[in-house]
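A.B. asks: Take a look at the following structure, please.
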Amino acid sequence: MGEDVSTMSSILGDTYRGELDRETTWRSRLDQTTTWSVTIMAAILTWAFSSPDNPHYIILIGVLAVTMFLFIEARRYRDYDVYRSRVRLLQENLLANALDPTTSTEHEDWRTELSEDYRTPTLKISRLEALSNRLRRIYLSLLTLLVFAWVFRITAFVSAEQWLETAAIANVPGSVTVTALALFYVGTLLVAFWPRDREAMGEFHEGEPGEWKD
């Protein structure tokens with residue numbers, strides 16, 4: 001019996017370290033996507049404002065590029081959440097209970113849940129929730145900066161009466177360009193802040209800093 005307990009403890013310990021390593025790896029992949037987004041955005045803004053002759057629509061290309069990275073990061077976030085969920089399941093039910101055996105486990109059938117997830121791995125959150133999370137955390141700020149930069153770019157070098165003409169792209173009227181960008185931005189706001197039940201597991205709970213020391 002003691003040997004079985006020792007073997008199981010060793011297996012769970014190795015499992016926890018393995019899942020933690022996977023979580024850390026996917027966390028770094030999220031950071032890489034963000035770094036590329038910021039780098040490309042900085043390069044585009046620098047070039048767009050370096051001369052009045054440079055076309056304003058390069059900033060809109062930056063919006064498309066950052067949006068592409070948003071979708072890539074949302075996909076990676078869904079994979080990251082799989083391993084984070086497993087780590088949190090072990091922390092809540094194994095480590096927390098080992099530190100304080102007087103409290104009950106968060107999930108009575110946590111071993112069964114973890115076993116089923118190993119047999120049939122599944123994504124835990126929807127693509128929409130992943131997009132919403134990455135927008136609120138990072139990408140909404142980046143896209144907002146690009147949108148305001150574009151508005152400033154089409155108004156900074158012309159008179160107040162000409163800005164709508166300046167917003168035109170080839171044969172596309174400025175009014176169409178402005179409307180399309182406005183609809184896109186409103187759409188990102190809806191995705192980011194539309195009320196929905198949170199499915200992601202393991203994120204920080206609200207609380208006063210230092211409260212755990214009391």
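A.B. asks: Averaged across orientations, what area in nm² does the convex hull of the alpha carbons in region 86-126 project?
C.D. replies: 3.1 nm²
A.B. asks: Just for the Cα atoms in region 64-140, what are the lengths along the principal axes, largest first, rounded to whole Å?
C.D. replies: Extents along the principal axes, in whole Å: 52, 26, 14.
A.B. asks: Pick from Asp81, Asp117, Asp197: which is most flexible by mean-square fluctuation in a GNM of the chain where alpha carbon atoms under 10 Å apart are linked?
C.D. replies: Of Asp81, Asp117, Asp197, the most mobile in the Gaussian network model is Asp197.
A.B. asks: Here is a follow-up. Once all Cα-Cα distances of region 27-156 are split into 5 Å bins that start at 0, what whole-number percent is in each one?
C.D. replies: 2, 9, 16, 14, 12, 11, 9, 7, 6, 5, 4, 3, 1, 0, 0
A.B. asks: If you build the Cα gyration tensor of region 108-175 and take the root of 5 times each eigenvalue, what three semi-axes come out, in whole angstrom, biggest first?
C.D. replies: Working: eigenvalues 498, 33, 9 Å².
After diagonalising the Cα gyration tensor, the semi-axes are 50, 13, 7 Å.
A.B. asks: Could you check which residue among Ser50, Ser141, Ser28 shows the biggest mean-square fluctuation in a GNM of the chain with a 10 Å Cα cutoff?
C.D. replies: Between Ser50, Ser141, Ser28, it is Ser50 that shows the largest mean-square fluctuation.
A.B. asks: What part of the accessible area of region 92-202, given as a whole %, is carbon or sulfur when the probe is 1.4 angstrom?
C.D. replies: The value for region 92-202 is 60 percent carbon and sulfur by accessible area.
A.B. asks: Using only DSSP helix segments of four residues or longer, with each worth -39500 (n - 2.57), what per-residue ellipticity at 222 nm results for the chain after dividing by its residue count and rounding to 500?
C.D. replies: That comes out to -23000 deg cm²/dmol.
A.B. asks: Right, next: I'd like to know how region 1-95 sits against the 2.2 N^0.38 Å rule of thumb: what's its Cα Rg over that expected value?
C.D. replies: In units of the 2.2 N^0.38 Å rule of thumb, it is 1.75.
A.B. asks: Taking the chain as a Gaussian network, where each spring joins two C-alpha atoms under 10 Å apart, which residue of Leu89, Leu99, Leu164 fluctuates the most?
C.D. replies: Leu99
The values are calculated or read from the model by the stated rules, or taken from the named source; none is laboratory data. No experiment lies behind these values; they were computed from the predicted model shown. Remember, those area values only see protein heavy atoms, side chains included, never the ligands or the DNA or RNA. Shrake-Rupley method; radii C 1.70, N 1.55, O 1.52, S 1.80 Å.
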